[in-house]
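Working notes for the structure below.
Nothing in this text is a laboratory measurement; each read-out follows from the coordinates by a stated rule. Values in this document were obtained by computation on a predicted structure and should not be read as measured data. Virtual Cβ from ideal backbone geometry, glycine too; neighbours counted across all protein chains shown.
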Amino acid sequence: MIARTALVIACLELAGCAAFRSPAPPPELARARAALRAAEREGAGADRRAAMHLALARSELARARRRISVGDVEGARWLLRRAEVDAELAALLVREAGLRDAAGRTLDQASTLAEGDQASTLAEGKE
């Protein structure tokens, strides 16, 4: 009888431990983390606009982790999707800034070449 009672108590304790185990993290967590790492590699922290979205993504990721820890997986999923999108936006803003700089340099070079062509055309006309 005592052995049977001990067995029942042990089973109940195991069931209780299993019931309080934190839920598995949703797949969105890995995607959000990867997007954050990618934005950081792109240099999002150095660009003012991108840094704002990167900070927002970090905040959303932290809030999602807290929700996961209390069992609110659906609320966490929503925040993780937002974190992923904000991190992707940060990376895109950095790329856009780089492309704008490159376009500006190209326009400057084209302007310099055009000025050089005008000067040589004028010099040829005076001869």
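A few points about this structure:
- Local charge for ALA76 was computed over the other residues whose Cβ lies under 12 Å away, with Lys and Arg +1 and Asp and Glu -1, and equals +3.
- Across the range 27-39, rounded Karplus estimates of 3J(HN,Hα) from the backbone phi angles (6.51 cos²θ - 1.76 cosθ + 1.60, θ = phi - 60°) give x, 4, 4, 5, 5, 5, 4, 5, 5, 5, 4, 5, 5 Hz, Gly and Pro being marked x.
- Per-pair calculated FRET efficiency, R0 = 25 Å: ILE2 and SER69 via Cβ, rounded to 0.05: 0.05
- Packing here is the average count of other Cβ atoms within 10 Å per residue, and on that basis the peptides 48-55, 106-113, 94-101, highest first, run 48-55, 94-101, 106-113.
- Compactness of the range 36-127 - radius of gyration and Dmax, Cα, Å: 23.4, 85
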